[in-house]
Each structure stands twice: as C-alpha cells, then as structure tokens.
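**Student:** Before I ask anything, let me first share the structure, which is written out below as structure tokens.
Each value in this text was obtained by applying a stated rule to the coordinates, not by laboratory testing. This one's a predicted model, so the numbers in the text were calculated from it and none came from an experiment. All Cβ positions, glycine included, derive from the backbone under ideal geometry; neighbour counts span all protein chains shown.
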Amino acid sequence: MTWYATAWSHMETVRTGRADAEPAAIAKAIDDSYPYSQRSGWAYKAWLDARRDFFRKYNLPLRRARKPAPDLLRGAQP
C-alpha cells in the first residue's frame with residue numbers, strides 16, 4: 001500500500017467509528033489520530049493530500065488559513 005492509501009484507510013476507519021458524530025468532531029478525531037511518529041517527510045505529505053481529498057468527499061470542515069496580523073509599521077502612519 002502507498003502512504004496515501006494507508007492514510008485514507010486510517011481516516012475511513014476513524015470516520016466509521018464515529019458515524020453518529022458531527023462533522024467537526026469527526027474531523028478533530030481524524031486529526032488527533034495521526035498514525036505516524038513525525039509530521040514531516042513523505043508520509044506527512046501523503047497524509048495531507050489524503051486528508052484534503054477525504055474531507056472534501058465526506059464534507060468535513062477543512063481548516064482555514066489564519067488572517068495575518070496587521071502590519072505594525074504600516075498601520076501607524078499619520
């Protein structure tokens with residue numbers, strides 16, 4: 001199995017174990033159950049790709065990028 005297929009299978013197992021939960025709770029359970037030791041390398045990249053596709057397929061909430069903080073130097077001009 002590829003890293004992607006292994007990640008997808010793991011997410012499917014977690015999702016079916018919590019079929020009665022809300023989508024946000026399922027998404028949190030998947031994120032908390034990351035099966036590899038480090039969040040780096042090919043395994044992590046495959047996890048992120050599988051996560052993105054899995055979450056879109058099952059309409060689970062994807063994280064949004066944080067809004068950048070206001071620029072302190074540009075915000076205080078007279």
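**Student:** In debye to the nearest 20, how big a dipole does the chain give about its Cα centre with +1 on each Lys and Arg Cβ and -1 on each Asp and Glu Cβ?
**Tutor:** 300 debye
**Student:** For the chain, take the alpha-carbon Rg, divide it by the Kirkwood Rh, and send me Rg/Rh.
**Tutor:** That ratio is 1.19, to two decimals.
**Student:** Shifting gears a bit: Got a sec to turn the phi values of the stretch 56-70 into Karplus ³J(HN,Hα) couplings, 6.51 cos²θ - 1.76 cosθ + 1.60 with θ = phi - 60°, whole Hz, x for Gly and Pro?
**Tutor:** Result, rounded to whole Hz: 5, 5, 9, 6, 8, x, 7, 5, 9, 5, 6, 6, x, 5, x.
**Student:** Could you tell me which residue out of Ser33, Val14, Ala50 lies farthest along the dipole of the chain toward its positive end? Charges go on the beta carbon: Lys and Arg +1, Asp and Glu -1, centred on the Cα centre.
**Tutor:** The one lying farthest along the dipole's positive direction is Ala50.
**Student:** Also: Could you give the length gained by full extension between Tyr34 and Thr2, i.e. 0.36 nm per residue of separation minus their alpha carbon distance, to one decimal place?
**Tutor:** 9.9 nm
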